[in-house]
Amino acid sequence: MLISNRIKNTKISAIRKLTPFAKEAKQKGLKVYHMNIGQPDVATPKEYFEGLKSYDKKVLGYESSEGIDELRSAFSDFLKKNNIYYSPEEIYITNGGSEALLFSFLIMCDEGDEILVPEPYYSNYNTIASSCGVKLVPFKTSIDDGFHIKNKESIELGVTAKTRAILYSNPSNPTGVVYSINELQMIADVAYEKELYIISDEVYRELVYDGIKYESIFSIEKIRENLVLVDSLSKRYSVCGSRVGMIATKNKNLREEIVKLCQSRLSTSSVEQYTALSLLKIPMSYIESVRDLYQERRNEVCRILEKIEGVKIYKPEGAFYLIASLPVDDAEDFCKWLLTDFSINNETVMFAPAEGFYIDRELGKSQIRLSYCISVEDLEKALHILEEGLKVYNSKN
Ligand SMILES: Cc1ncc(COP(=O)(O)O)c(C=O)c1O
């Protein structure tokens, strides 16, 4: 029996590639600091668990495929706080932001079509694209520019007759870059001129530091019909396991197709949709306090990394990730070695080798992507292991 080439050609998640080695390290009795995944350590708000307890339906039935009206309205109100205006009817509830991305790719692309994305990009974009038979085409950004978009031409270079959309996350996983309104205007201009869709993944929208004012591409009026907005509660409220996200668009043609895909999977979790209502009622001051916590961690991570010889970074403006360039030829080998051969006081650290965040893997060969979803105290210990590990690894090689 055969397996589809689409799936056979799909690469496993870059983030989890070294997981078996981390598992072995733990079996040997080592503590592993996880700086490889974006799983917030912040306690899920009590309102979530209260909401869960108050769910009192006697039959756990399907809900409307598009999502319950109350949650579509609550998302609509929530987005208004960021000057993003979608009516409840323009919003569909999805199984996390991941399903919203899958829906976008399936609706916008036939097999062999292309989506433009700034590189490095969230590695699951490639997993989802590849499983739909869609090709991601990168436009380059560089660590030297803090991964900002250089100019409009750098985006246009990748446009072909097969290009259907421009996709990005803002703030970005894996770089933490927050795009300025000028950069968003470049994306908007290319999309408008070449008649492309824009998929704006804003799952980290509120995690923006240093008082920077967040701008959504929604503010650029001329591309409203091109735009699909992807959002999720996962990171914002530390509820990655609840799988509540949404997709929104003003484009009526797209909405008709979204409904078909919503209907094909009948419903998302009824319990989680009602529980999500409790989360969206939490005052914004909660999210601001979470943002401040991550900002403090980002400051500490940058302070430490800047002092390590041979390590190159920039200061990310948002989300909870950064890409660091290390003084090694093969960062994947180094990350694996940290798990198999190196520890301090029975502790080691896990990072994600950055090559899985690039189409051109050579570009990320000496880089790692790290997340700061652990306490400041643990970050300090983990980065000390990195510093000492680099000395030992390089003296051996
Ligand atoms: C940029 C980005 N988009 C989307 C997602 C999907 O998250 P979820 O499906 O939990 O909403 C993630 C998760 O890490 C992400 O980093």
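The values are calculated or read from the model by the stated rules, or taken from the named source; none is laboratory data. Since this is a predicted model, take the numbers as computed values, not measurements. Cβ coordinates were reconstructed from backbone atoms using ideal geometry, including for glycine residues, and neighbour counts include every protein chain displayed.
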task: From G241, G245, grab the single residue that is exposed (fewer than 13 other Cβ atoms within 10 Å of the Cβ), within 12 Å of the ligand (Cβ to nearest atom), of a type outside the set (D, E, K, R) and outside any loop (DSSP other than H, G, I, E, B).
output: G241
- prompt: Somewhere in segment 170-181, is a residue surrounded by 17 or more Cβ atoms within 10 Å (Cβ to Cβ) and farther than 23 Å from L79 by Cα?
  reply: yes
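Residues are listed down the side, and each one gets a yes or a no for (1) over 26 Å from the mean Cα position of the chain (by Cα); (2) part of a loop (DSSP other than H, G, I, E, B):
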| position | (1), (2) |
| --- | --- |
| F21 | no, no |
| Q39 | no, yes |
| E47 | no, no |
| E50 | yes, no |
| E66 | no, yes |
| S73 | no, no |
| S76 | no, no |
| Y85 | no, yes |
| F105 | no, no |
statement: Filter segment 91-126 for residues that are surrounded by fewer than 21 Cβ atoms within 10 Å (Cβ to Cβ) and not hydrophobic (A, V, I, L, M, F, W, C); the one that is nearest to the ligand (Cβ to nearest atom) is S98
- request: Quick one: K11 ticks every box in (1) outside any helix (DSSP H, G or I); (2) touching a Ser or Thr at 6+ places or on another chain (Cβ under 8 Å); (3) under 30 Å from A354 (Cβ atoms); (4) at pLDDT 95 or above except a single one, so which number is it?
  value: (4)
query: What number of residues in segment 248-277 are away from the ligand (no atom under 16 Å from the Cβ), hydroxyl-bearing (S, T, Y) and in a loop (DSSP other than H, G, I, E, B)?
result: 1
query: Restricting the first residue to segment 199-211 and requiring it to be free of Cβ contacts under 8 Å to residues at least 12 places away in the same chain and β-branched (V, I, T), which pairs with a second residue that is part of a loop (DSSP other than H, G, I, E, B) and within 11 Å of the ligand (Cβ to nearest atom) meet a Cβ separation below 6 Å and a spacing of at least six or different chains?
result: none
Test result for S234, farther than 18 Å from S172 by Cβ, of a type in the set (S, T, Y), within 12 Å of the ligand (Cβ to nearest atom) and in contact (Cβ under 8 Å) with a residue 24 or more places away in the chain: no
query: Only one of (1) in contact with a Cys (Cβ under 7 Å, 6 or more places away or on another chain); (2) free of Cβ contacts under 8 Å to residues at least 60 places away in the same chain fails for S264. Which number is that?
result: (1)
- prompt: Any idea which of K81, K31, K17 is surrounded by fewer than 20 Cβ atoms within 10 Å (Cβ to Cβ), under 30 Å from G158 (Cα atoms) and either assigned by TED's automatic domain parsing to the domain that holds R361 or over 19 Å from the mean Cα position of the chain (by Cα) (or both)?
  reply: K17
